[in-house]
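The values are calculated or read from the model by the stated rules, or taken from the named source; none is laboratory data. Quantities reported herein were computed from a predicted structural model and do not represent experimental measurements. Note: ideal-geometry Cβ built from the backbone for every residue, glycine included; neighbour counts use all protein chains shown.
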């Protein structure tokens, strides 16, 4: 291990701001990318259910 | 070999086949990408020795280099998918190209942002109009341009074609990015990894980088698959097999 304490790890040899800013921004972009397809899939299923309900509603009752 | 290739091509062109086969890959890609990311980050942030010149700021390399590599590979993939659509009208190729663009742009943005942040303590400036940085910025704008064209036209077909043409034209930028550090006198350091040479990095620094690159590519594959599956669900929503999947 390169660091002797947690504080030293956070400080990154006085470059903490740059290192953690880089990793933080990357995390935000990666998490957004990971969530997008999951949310879109959910929305697609919801829309499909709505379409089906409308079709049933509009179908002439026998 | 040729028969095998044509069979693969026809299968890849089938949304149903793609949707069904990738079902089983999702879990393993997610697991592989997550595990390699944890290993790579722990090794890179905690165990790799600090750089003798740059100190600990060099640890930004573990996201910067994988993101920059991926942004370029993704662009090439997007251009190839666009070409397949232009030549053979394979709609799956158009959806894949459409899906890659925002992911590639995300990684290009990561490369640019982390590069700027890394530049501050290393070069004393966030940004210079140097060949490598400028050509990477061009790549980001190409991604934006392709994304805009892919939804610019009246018909979906014309939009996909326009996007594919810009993607193909923009391919000239890829060798410019690669050789920018050799052709011009740049502030950016030369390539960290070269296929033809033994790496100059210490193995303790190099391994986390290779693992992070693997992780990034696995994540990319997962994202392309998930988004393409959504495109399939949307475009094929009227087909029987999709209706069956989406039935409540």
- Query: Just one of B:68, B:74 is within 11 Å of the chain's Cα centre (by Cα), closer than 29 Å to residue B:8 by Cα and touching a residue at least 24 places away in the same chain (Cβ under 8 Å); which is it?
  - Reply: B:74
- Task: Count, please, the residues in segment A:10-34 that happen to be outside any loop (DSSP other than H, G, I, E, B), more than 7 Å from chain B (Cβ to nearest Cβ) and under 19 Å from residue B:58 (Cα atoms).
- Result: 7
- Message: Need pairs with beta-carbon distance below 8 Å; first residue closer than 24 Å to residue B:99 by Cβ and within 12 Å of chain B (Cβ to nearest Cβ) and within segment A:40-62, second at pLDDT 85 or above and assigned to a loop (DSSP other than H, G, I, E, B); sequence gap 6+ or separate chains.
- Response: A:44/B:237; A:48/B:237; A:51/B:237
- Task: Evaluate the following for residue B:101: is it surrounded by 21 or more Cβ atoms within 10 Å (Cβ to Cβ), over 11 Å from the mean Cα position of the chain (by Cα) and modelled with pLDDT of 95 or more?
- Result: no
- Query: Filter segment B:210-232 for residues that are under 19 Å from residue B:35 (Cβ atoms) and within 10 Å of another protein chain (Cβ to nearest Cβ); which is surrounded by the most Cβ atoms within 10 Å (Cβ to Cβ)?
  - Reply: B:216
- Note on the structure: Flagged pairs (Cβ under 6 angstrom, 6 or more apart or on separate chains; first in segment B:235-248, more than 8 Å from every other protein chain (Cβ to nearest Cβ); second in a loop (DSSP other than H, G, I, E, B)) are B:242/B:236
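One line per residue, one yes/no per condition, for (1) under 12 Å from residue B:187 (Cα atoms); (2) out of contact with any strand residue (DSSP E or B) (no Cβ under 9 Å at 6 or more places or on another chain); (3) modelled with pLDDT under 95:
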{"site": "B:130", "(1), (2), (3)": "yes, yes, yes"}
{"site": "B:135", "(1), (2), (3)": "no, yes, no"}
{"site": "B:144", "(1), (2), (3)": "no, yes, no"}
{"site": "B:154", "(1), (2), (3)": "no, yes, yes"}
{"site": "B:159", "(1), (2), (3)": "no, yes, no"}
- Task: Exactly one condition in (1) surrounded by fewer than 18 Cβ atoms within 10 Å (Cβ to Cβ); (2) at pLDDT 95 or above; (3) closer than 19 Å to residue B:132 by Cβ is not met by residue B:54; state its number.
- Result: (2)
- Among the residues of segment B:1-33, the number that are in contact (Cβ under 8 Å) with a residue 60 or more places away in the chain and not in a helix (DSSP H, G or I) is 2
